[in-house]
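Following: one structure in structure tokens, then a few remarks.
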Amino acid sequence: MQRPAIPPVPAGETRPLWSVMIPTYNCARYLRQTLESVLAQDPGPQQMQIEVVDDHSTDDDPASIVEELGRDRVAFFRQPLNVGHVRNFNTCIRRARGHLVHLLHGDDSVRGGFYRMLGDAFGRDPEIGAAFCRQIFMDEEGHWTRLSHLERPRSGLLSDWLSRIAVGQLLQTPSMAVRREVYERLGGFDPRLVWVEDWEMWVRIAAHYPVWYEVEPLAVYRIHGISRSGQLTRTGETIRDVRRAIEINREYLPPHRADELSRMALENCRVAALRRANRLHGAGERRAALAQAREGWRGPISARVLLKVLGLALRCTGRELANAMSVVRRAPAGTVAIDRQASRVSRRAAAPGEPE
Amino acid sequence: MAMRDVGTFHVDRAAHCAGSEGPEADGADDVPEQRFRAIVAPVPPGEVRPLWSVMIPTYNCARHLQQTLESVLAQDPGAEQMQIEVVDDHSTEDDPASVVEEIGRGRVDFFRQPRNVRHVGNFNACIQRSRGHLLHLLHGDDCVLDGFYRMLGEAFERHPEVGAAFCRHIYIGEDGHWRSFGPVLQSGRGVLENALERIAAEQPVQPPAMVVRREVYERLSGFDSRMRYCGEDWEMWARIAAHYPVWYDPEPLACYRKHGRSLSADSFRRGDNARDLRRAIRIYSPYLPADTERRARARAHEVVALWSLGLCSGAFAADQVRVALTQMRQAFTSSRSLPVMRLAFNVLTGPGTEWLRRKLIR
């Protein structure tokens, strides 16, 4: 399968070290914070390209924020029509002119030192294809809620990274910087995927290049409410997407471990689906919960999945009973309605592994 | 087991050593309170006073002191604006003076207690030795993030009625890596609503996040020495909230270090940690208005019990069964609410059973 081609930057063109590419879609209310976090560590246009690539937003006006904050420093490109987030990411990569590409969603942000620390890593070790840092999760109001797992006690090259990332999604896009030549060689994000295209990319890179890890939490990823995922979650499409990605990933995995790793990835993804089913049910989204539970159930029976299913059944029954006796008040409908409108630019891979 | 962040109490390292006397009788609560609280005299008039006093109590924590000092010096507005002083409680295992000399290079003062005065005594010495208007008691193993003094300083400047201000905190580990975040008490920065009740019920503050006007200590006196192991900070913040508006900033600007501290420490083995916290609750209860007192007290006791159960769980995992049983008993003494019973059940069926299994197999 041919992945979207990323042509090299024409020879002779002046190239900055960094390309900070900021995809947006109806998330202008967060864009100010995103841009401020980048501009606070701006090394100048010779060193860094900064560009907002808008996927034809319909609800707001990112251009005005770019104009107000960017003052000619930040370029702005608007897709003539909505192309979907995966294609918009690929547009970002193609429009990048720098050697290091940072895809920073328009509702996320970085902390001071992000470009210095990751830039140093790439400078020290020309072998590495990508580098990422520990990340902070924040809520819709911008309050930090938790931290991602610490991959190792000190910054450095990750050992056996492929077998870690192949069984679960461990990072979010804003924490990752990738050499442009890696995308040129491996191609862009896979448009067959609609939900975990980023995870597939990190596995693909891990299979071909060493990856560096920075222990400082320098990227901040925004998590929208549970139902933000809307249609894809309600129909169980998210889990089918993970299954597709697992099949795609299989071709990069070392043949003698491919079966084992794929099986673990699948089980993690099913357990995550069952966990999500429980949360959705708790939020009063019965149909979405059912779709997730059904997708989680599909596949070979293992002790872990069976336990989860039993736990889920117990919890849901308990909740239904409590509801029937109206002991428990339902979650207020307002929260769900707001979540549905949340921007699509950043829906995250809900793939195996990490809780949401 | 997922432990909640509420119910994490500051236990000072220094509290575990020194002093062999047993816990004071509970009857001590009836005698006039002033006896147990250090008097804080005003700074003599005419003396030049900086805005800030960053007072850094230390006791055998020199290995972390470098990070503490660097985090303050990175935002140092100069000696006219900020007093910085390390007050060492007669450390026996390390040499904080050399760290102060190396990192402080003349900018940071150093005072060493001629003998160990225990942590409450040392905190009070910090208050008495301060010269500034705003007092930040920053323990020598904690640190602040950039912006701490600017953000909280602005709050005091714009709101002269505020007696104390604190921010959200970050928990860090022995290795310095961030582990988790403290609770968000309210979404925006501003005067904390229901501050007294919330502080009394939950203890949502860790010491490095709190800044207090010196005149507040002058009026209300220092830390109460009836709490010997922990809880002296909780009572102090409640006392302040009972008399002054308290400012809150939801931005996490202070780091509190959670030590993998030894569960065999005396206070844990005897259960004095929980007794101290219940004593703190007893002492601050009269500050609470009658209509909220019962609810706040019940919740506070529940929070103490949940903390004890967390320690119990850790003690089982570390094969410290006596500590585990003491803490379990202390938890039930503190509260028997539904969440406490549920957690107790989980601890017994989880780490407890696991311990039994290990014991039987061996």
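Since every read-out is calculated from the coordinates, none of them should be taken as a lab result. Quantities reported herein were computed from a predicted structural model and do not represent experimental measurements. Don't worry about glycine lacking a Cβ; one is built from the backbone with ideal geometry, like all the others, and counts go over all protein chains shown.
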Mind listing the long-range amide H neighbours of A:Thr145? Cut-off is under 5 Å, sequence gap 5 or more, other chains count too, H placed in the peptide plane at 1.01 Å from N.
-> A:Phe137, A:Met138, A:Asp139
If you take all C-alpha pairs in the protein assembly as shown, what percent of them are over 42 Å apart?
-> 36 percent
To one decimal place, what Kirkwood hydrodynamic radius in Å is obtained for segment B:77-202 from all pairs of distinct Cα atoms?
-> 17.1 Å
Amide H neighbours of B:Phe181 under 5 Å, counting only residues 5+ apart in sequence or on other chains, H built in-plane at 1.01 Å?
-> B:Tyr171
What are the ³J(HN,Hα) values, in whole Hz, obtained from phi via the Karplus relation 6.51 cos²θ - 1.76 cosθ + 1.60 with θ = phi - 60°, for each residue of segment A:58-72 in sequence order, with x given for Gly and Pro?
-> 10, 9, 8, 10, x, 4, 5, 6, 4, 5, 5, 8, x, 6, 6
In whole Å, what three semi-axes, largest first, describe the equivalent ellipsoid of chain B built from its Cα gyration tensor (square root of 5 times each eigenvalue)?
-> 33, 23, 20
Sequence-distant residues sharing a close amide H with B:Asp88 (under 5 Å, placed H) | B:Thr58, B:Phe111, B:Arg112, B:Gln113
Partner shielding of B:172-179, as the mean number of partner chain Cβ atoms within 10 Å, equals 3
Two pseudo-spin positions, 7 Å from Cα along C-beta at B:Asp109 and at B:Glu161, lie apart in nanometres by 3.4 nm
Karplus couplings for segment B:279-294 from phi (6.51 cos²θ - 1.76 cosθ + 1.60, θ = phi - 60°), rounded to Hz, Gly and Pro as x?
-> 5, 4, 4, 4, 6, 8, 3, x, 6, 7, x, 4, 6, 9, 4, 4
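Ranked from highest to lowest mean number of other Cβ atoms within 10 Å per residue, what is the order of the peptides A:249-261, B:322-334?
Highest-to-lowest ranking by the protection proxy: B:322-334, A:249-261.
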Diffing segment B:131-137: the Karplus 3J(HN,Hα) column from phi (6.51, -1.76, 1.60, θ = phi - 60°), in whole Hz with x for Gly and Pro, holds 10, x, 7, 10, 10, 10, 8
Student exercise, the protein assembly as shown dipole from Lys, Arg, Asp, Glu Cβ charges, in Debye to nearest 20 = 2860 debye
Helical mean residue ellipticity (222 nm; -39500 (n - 2.57) per DSSP H run of 4+; nearest 500) of chain B = -12000 deg cm²/dmol
Most packed first (mean Cβ within 10 Å per residue), the peptides B:112-124, B:200-212 order as B:200-212, B:112-124
Residue-span extension gain [A:His208 to A:Asp259] - 0.36 nm each, minus C-alpha spacing = 16.5 nm
Mind checking the mean number of beta-carbon atoms from other chains within 10 Å of the Cβ atoms in A:136-143?
-> 3
Give, in whole angstrom and from largest to smallest, the semi-axes √(5λ) of the equivalent ellipsoid of segment B:126-198, with λ running over the eigenvalues of the Cα gyration tensor.
-> 22, 19, 12
Farthest toward positive dipole pole in the protein assembly as shown [+1 Lys/Arg, -1 Asp/Glu at C-beta], among A:Ile165, A:Gln79, A:Leu253 | A:Leu253
The summed charge of the A:Met201 Cβ neighbourhood (under 12 Å; Lys/Arg +1, Asp/Glu -1) stands at -2
If every Lys and Arg gets +1 and every Asp and Glu gets -1 at its Cβ, then about the Cα centre segment A:1-121 yields a dipole, in debye to the nearest 20, of 460 debye
Using per-residue counts of other Cβ atoms within 10 Å, averaged over each peptide, order A:230-241, B:307-318, B:283-294 from highest down.
-> B:307-318, A:230-241, B:283-294
Mean ellipticity per residue at 222 nm, deg cm²/dmol - from DSSP H runs of n ≥ 4 across chain A, formula -39500 (n - 2.57) | -13000 deg cm²/dmol
Summarise the partner chain shielding of A:312-322 as one whole number: the mean count of Cβ atoms from other chains within 10 Å of each residue's Cβ.
-> 0
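With r as the distance between the Cβ atoms of A:Arg240 and B:His243 and R0 = 56 Å, compute the FRET efficiency 1/(1 + (r/R0)^6) and round to 0.05.
0.40
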Given C-alpha coordinates of segment A:242-317, what is the ratio Rg to Rh with the Kirkwood estimate of Rh?
-> 1.06
